[in-house]
Amino acid sequence: MKDLMISRRHFIKKTAMIAAAITALPVVNAVAGVLTDESRMDDLERAVFAKMLKIALPTEGSTLIDPATLPVLPTIEGALLAGMEPHIRQGLRGGINYFNEGAIKAFGDRFVNLSDVDAVRFVDQWSASAAPPERALSMGLKKLTVLAYWAIPNTWGPLGYDGPVSDKWNLPSLGNTPEPKI
Amino acid sequence: MSTQNNKLNIKTAKDIQDASLIIDADVVVIGSGAGGAINAYELAKQGKKVVVLEAGPYVPSSEFKEMMAVAMGSLYQDEGGQSNTHGDVTVLQGACVGGSTVVNAALCFRTPDYFLNLWKAEHGLVNLTPELMSGYFDKVEKNLSIEPNAKHETSIGANLILNGLNKLAIEPGVAKRNIRDCAMSGFCFSGCKTDRKQSMLVTYLPWACNHGAEIYADTRVIRINTANGQASGVQAEVVDPKTKVVKAQVTVNAPIVVLAAGPIQSPIILQKSGIANSSGQVGKNFACHPSLSVTAMFDKEVNDFHGATHSLYVDTHTLPEEGGYILLNAVQEPVEASFQAEPGTGKNYVAYMEKYRNSIRLITLVHDENVGEVRFKDGVKEILYEVDDHDFEAMKAGLKFNARILFASGASFLYLPTSDRTVINSVDEIDSVIDQLKNEPARYRYTSFHPQGTCRMGADPANSVVNPYGESHDVKKLYISDASLLPTSIGYNPSETVYALSSYIADEIIKANFS
Ligand SMILES: Cc1cc2nc3c(=O)[nH]c(=O)nc-3n(C[C@H](O)[C@H](O)[C@H](O)COP(=O)(O)OP(=O)(O)OC[C@H]3O[C@@H](n4cnc5c(N)ncnc54)[C@H](O)[C@@H]3O)c2cc1C
C-alpha cells in the first residue's frame, strides 16, 4: 500500500508504466530466478489473480480444461515473479492494489469482492477506459493470467494444437554449418 | 590458424571459479548477435586474438523447447518483458549466445537503394553505395544460405492469404530466408532446434572459434575503458543466470573494442561509460518498426500451426512515399494467439480460444520515424517511445490493406489487437472501424521485433555517433557494429542490413588496423 501513498499523478504515471510493462511479460521461465520473500505473491495479489483467472476463463460448458485443475497461479509466481527486477516487482504490487481498489468507484467494492458478472464488466470497462493506466492494468493483468494458463501444455489438447514437433517428427539436427572455404 | 573443430569455444558462469579474471586480447567484441559474431569471425580470421563477451546464457539448440513461453524465459532480453515506458510496445530482442539471430524468423531483405541514397544525402554516407553494398549482400547471402523460399516452404495460413492476394490482384513477394532445408516446424521464435536456421550460433560463432576466438557467456559488459582518447578494453561481470548474483569481475585489455550489444544495450553501455557522446546523439533516434497483428476467424478449421514462420510478404507499400507499411504472415502458437486478439472478457474469450484452430494472422509492420530514446536513468533502462501520429496513419492504412486481404482469403470476421473488443464483420465495415482508431497509449498490442538507431552513423560528428566506417567520432578504435548504427528506420526486416554493414565494418577495422 506504500505506493498508494505517493501523489496520485505520480502514481498513475508509474502505474501506467508498470501495468503496461506487465503486458509484455512471459510466464514460463526456463531459468526462473529464485523466489524470494520480496518477489513472492502476497495474499491480496493471490486473490486478485485467482479472481481474474476465474472470470477470464469460465470454461464450464466449453471444451477447455478447467483452470482450477491446473497450476496457473504457481506458474505466475514461480516463472514470472521470481525473475522480475525488484523495481518492476514493487511497481506491480502497487499496480495490483490500484486495480483492486479501482472497482470501488464504479461497483462499490474491491475487485476481489465483486460478483463474477460485475468483475467482468469492471475489466471490460477499464479496457475501454479513456485513462491509459486503467486500460493498461486491465489489459495487462488479464493477459498475464491467461498467458500462464496457455503456457501449460495440458491446455492445448482441446484446441487441436499439437505443440513441439522436432522430436515427434524425428527431425535430425543439421549441426553447425561448415565454414566457408574462402 | 584455423583448427576447423567448428565448435564453440565457450565458457559460461559455471566454468568461472575465480572472483576476478584478467584477459588480454587484440580485439574484444561486446555481444554475440548479428553484428558481434560477424566481426568476431572476420577479425579472428586475420589471426587476431578475439574475445567475445555475451551477457546472455549459452543455450545449445538441442535444449530449445519449441515453446514460446519457455523461449522467452531463456533466450530473450528481460525474459521477453522488455518494453517502452508506456509498456504498450513490447521490444523483443534475443539475449543469448547468437543474440536475436537465434530467435528471429530468418526473413532477409537487402537494404533498399532508397535508404542508401537517403543516408548519402542526409547523413553523408557517400561510402555506402549500392555497388559497394551489393558485394557485401552477396557475401552474407552466400555464407548464410539466404535464398528465396522454395515453393513448398510455406504454411496453411500463408496459402490462404495467397488466395486472397490473387483475388485482389496484389503482387506477393517471394521471401528470402537464411535457412538450409527448413523443417517447417514454425518455431523460429523459440530457436531452431534442428539447426536449419543459419543463426550466428551455428555459423559465424563456431567459424570464429575455428580461428581461436573465445566466447564468454553470462558475461555482461558494464563499461568500456579508454586511455588517451582511445579504447583500451572493457569491464564486465559474470552473472549467475539463475540467481542473478555477480560471480566474477572481468577485465579485458584490448586495443580494439567492437560494441555490438544491440540498439538498446549499446547506447546504455556508452552512457554508463560516459563516452562517445559529444554529439548528444547516443540513445537518441530510436525506431523499432511497431507492428500489429490482425486475427482472422474462418468458419472452418485451418490448423495454421506449423510451416515456415514467415513465408509470405507484400511490400507494394513499404517505402515511406508509398505508405510506409509491410505485410507479413506469421504462424503463431496458442500463447501468442491468446493475447493478440481481444474478444472481451470471460465467455467470449473462451469461445475465441476454442476456435483458435480456425484462426490465422497477418502482421502490419510500419516504417517509423526515429522519435524514440534509450537512456539509463536512476540505474534503470528506459525506452522512451510513442508511436508518432504520422506513423499511426501508416499503420491504419496497413490495417485496412490487411483486412481486405484477409476477407478475400475467406475470413468471416476479424479481431483487431486493441485493449477492448474491436471486431470487423465485413469488408464494408473496414474503413469505418479503422478510421475510428486513435493514436493513444496503452490502446493497442504493439510488438517490435526490430529496434534500430540510437548510435547512428554519419559523416558529421555533430549529429552522429560513429563515422561512416563504424568508428566512434570521439573515441578512436571503438567501433560500433549492430542495428544501432542505422541512421533511419528501413521499413524492411533489418537482419541482412546488419549482416552486410557488420561485414563492411569488419573490413574497415582490418584496413585501418591490421594492414
Ligand atoms: C523475435 C524476433 C524476430 C525477428 N525476425 C526477424 C526476421 O525475420 N528478419 C529480420 O531481418 N530481422 C528479424 N529480427 C531482427 C534481427 O534479428 C535483428 O535486427 C538483428 O539480430 C540485430 O543484430 P544486433 O547485432 O544489433 O543485435 P542482436 O542480434 O540482438 O545481438 C546483441 C547481443 O548483445 C548482447 N548484449 C546485450 N548487452 C550486453 C552487454 N552489456 N554485454 C555483453 N553482451 C550484451 C545481447 O544479449 C545479444 O545477444 C527479429 C528479431 C526478433 C527478436
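Treating r as the C-beta distance of A:Leu35 and B:Asn117 and R0 as 51 Å, the FRET efficiency rounds to 0.40. About its Cα centre, region B:10-156 has a charge dipole of approximately 300 debye under the convention of +1 per Lys or Arg Cβ and -1 per Asp or Glu Cβ, with nothing else charged. Sparse packing (at most 14 other Cβ atoms within 10 Å of the Cβ) combined with a DSSP loop state is found for the following trypsin sites (Lys or Arg not before Pro) in region B:245-321: B:Lys300.
Computed on the protein assembly as shown, the Cα convex hull volume stands at 148 Å³ per residue.
Normalised radius of gyration (Cα atoms, divided by 2.2 N^0.38 Å) for region B:251-341: 1.68. Taking all protein chains into account, the per residue accessible area for region B:367-469 stands at 38 Å² (1.4 Å probe).
Heavy-atom accessible surface of B:Asp138, to the nearest 10 Å², is about 80 Å², with a 1.4 Å probe and all protein chains retained. Amide hydrogen proximity for B:Gly173: with H placed 1.01 Å from N in the peptide plane, the residues at 5 or more positions away or on another chain lying under 5 Å are B:Tyr313, B:Val314, B:Asp315. Ligands, DNA and RNA excluded, the heavy atoms of B:His317 present near 50 Å² of accessible surface to a 1.4 Å solvent probe. Extension gain, B:Thr316 to B:Asp15, is 103.3 nm, computed as 0.36 nm per intervening residue step minus the present C-alpha separation. In chain B, the calculated helix contribution to ellipticity at 222 nm averages -8000 deg cm²/dmol per residue, counting -39,500 (n - 2.57) for every DSSP H run with n ≥ 4. Couplings 3J(HN,Hα) for region B:165-179, derived from phi with the Karplus relation 6.51 cos²θ - 1.76 cosθ + 1.60 (θ = phi - 60°), are 4, 4, 4, 8, 6, 9, 6, x, x, 9, 5, 10, 9, 8, 9 Hz, where x marks Gly and Pro.
Where does region B:100-259 land on the Kirkwood hydrodynamic radius, alpha-carbon pairs, in angstrom?
Taking the inverse mean of 1/r over all distinct Cα pairs, region B:100-259 comes out at 19.7 Å.
Please go through region B:437-515 and write out the GluC sites (Glu not before Pro) that DSSP classes as loop and that have at most 15 other C-beta atoms within 10 Å. Answer in residue order: no site qualifies. For the pair A:Asp116 and A:Thr69, label points projected 7 Å from Cα toward Cβ lie 1.6 nm apart. Within the protein assembly as shown, what whole-number % of the accessible surface is contributed by carbon and sulfur, with the 1.4 Å probe and all protein chains included in the calculation? Accessible surface attributable to carbon and sulfur in the protein assembly as shown totals 52 percent. Below 14 angstrom from the Cβ of B:His317, what's the summed charge of the other residues (Lys, Arg +1; Asp, Glu -1)? Counting the neighbours of B:His317, the net charge comes to -3. Of the GluC sites (Glu not before Pro) in region B:265-345, the ones in a loop by DSSP (not H, G, I, E or B) with at most 16 other beta carbons within 10 Å are B:Glu301. Explain nothing, just the number: relative contact order of chain B, from Cα pairs under 8 Å at least 6 residues apart, as a whole percent. RCO, chain B: 23 percent. For the pair region B:150-190 and region B:334-410, the centres of their Cα atoms are 20 angstrom apart.
Note: chain B, Cα convex hull, 140 Å³ per residue. A probe of 1.4 angstrom, applied to the heavy atoms of all protein chains, finds B:Phe64 with accessible area near 10 square angstrom.
Put simply, the amide H of B:Leu362, placed in the peptide plane, has neighbours under 5 Å in B:Val294, B:Ala296, leaving out anything fewer than 5 places away on its chain.
All other residues whose Cβ lies under 13 angstrom from that of B:Phe413 are scored, Lys and Arg at +1 and Asp and Glu at -1, for a net of -1. Counting Cβ atoms of other protein chains within 10 Å of each residue's Cβ and taking the mean over peptide B:349-356 gives 5. Once the Cβ-Cβ distance of B:Glu237 and B:Asn166 is raised to the sixth power relative to R0 = 56 Å, the FRET efficiency obtained is 0.50.
For region A:32-178, the relative contact order is 28 percent, taking Cα pairs closer than 8 Å that sit 6 or more residues apart in sequence and dividing their mean separation by the residue count. To one decimal place, what Kirkwood hydrodynamic radius in Å is obtained for region B:382-508 from all pairs of distinct Cα atoms? Computed over Cα pairs of region B:382-508, the Kirkwood hydrodynamic radius comes out at 17.6 Å. Computed over region B:141-300, relative contact order equals 13 percent, with contacts defined as Cα pairs under 8 Å that lie 6+ residues apart. Extending 7 Å from the Cα toward the beta-carbon at both B:Asn6 and B:Leu384 defines two label points whose distance is 5.0 nm. Sequentially through region B:82-98, phi angles give Karplus couplings (6.51, -1.76, 1.60; θ = phi - 60°) of 6, 8, 5, 5, 6, x, 9, 10, 6, 9, 7, 8, x, 9, 6, 5, x Hz, Gly and Pro residues having no value and appearing as x.
Annotation: Cα Rg of region B:445-515 relative to the compact-globule expectation 2.2 N^0.38 Å equals 1.17. Can you find, among B:Gly307, B:Val374, B:Ala397, the residue farthest towards the positive end of the dipole of region B:294-441? Put +1 on the C-beta of Lys and Arg, -1 on that of Asp and Glu. The residue sitting most towards the positive pole is B:Gly307. Summing Cβ point charges (Lys, Arg +1; Asp, Glu -1) relative to the Cα centre of region B:421-510 gives a dipole of roughly 340 debye. Distant-in-sequence amide contacts of B:Ala276, defined by a placed amide H-H separation under 5 Å and a gap of 5 or more residues or a different chain, comprise nothing.
The 3J(HN,Hα) values that the Karplus relation (6.51, -1.76, 1.60; θ = phi - 60°) gives for region B:351-358 are, in residue order, 4, 4, 5, 4, 9, 3, 5, 8 Hz. Gly and Pro appear as x. For B:Ser412 and B:Gln436, the difference between the fully extended length at 0.36 nm per residue and the C-alpha to C-alpha distance is 6.5 nm. The Cβ shell under 15 Å around B:Asn143 holds other residues with a net charge of +2, Lys and Arg each +1, Asp and Glu each -1.
The values are calculated or read from the model by the stated rules, or taken from the named source; none is laboratory data. Everything quoted here is computed from the prediction, not taken from an experiment. Note that we place each Cβ from the backbone using ideal geometry, even for glycine, and neighbour counts take in every protein chain shown. Protein only, heavy atoms only, side chains kept; ligands, DNA and RNA dropped before computing areas. Shrake-Rupley method; radii C 1.70, N 1.55, O 1.52, S 1.80 Å.
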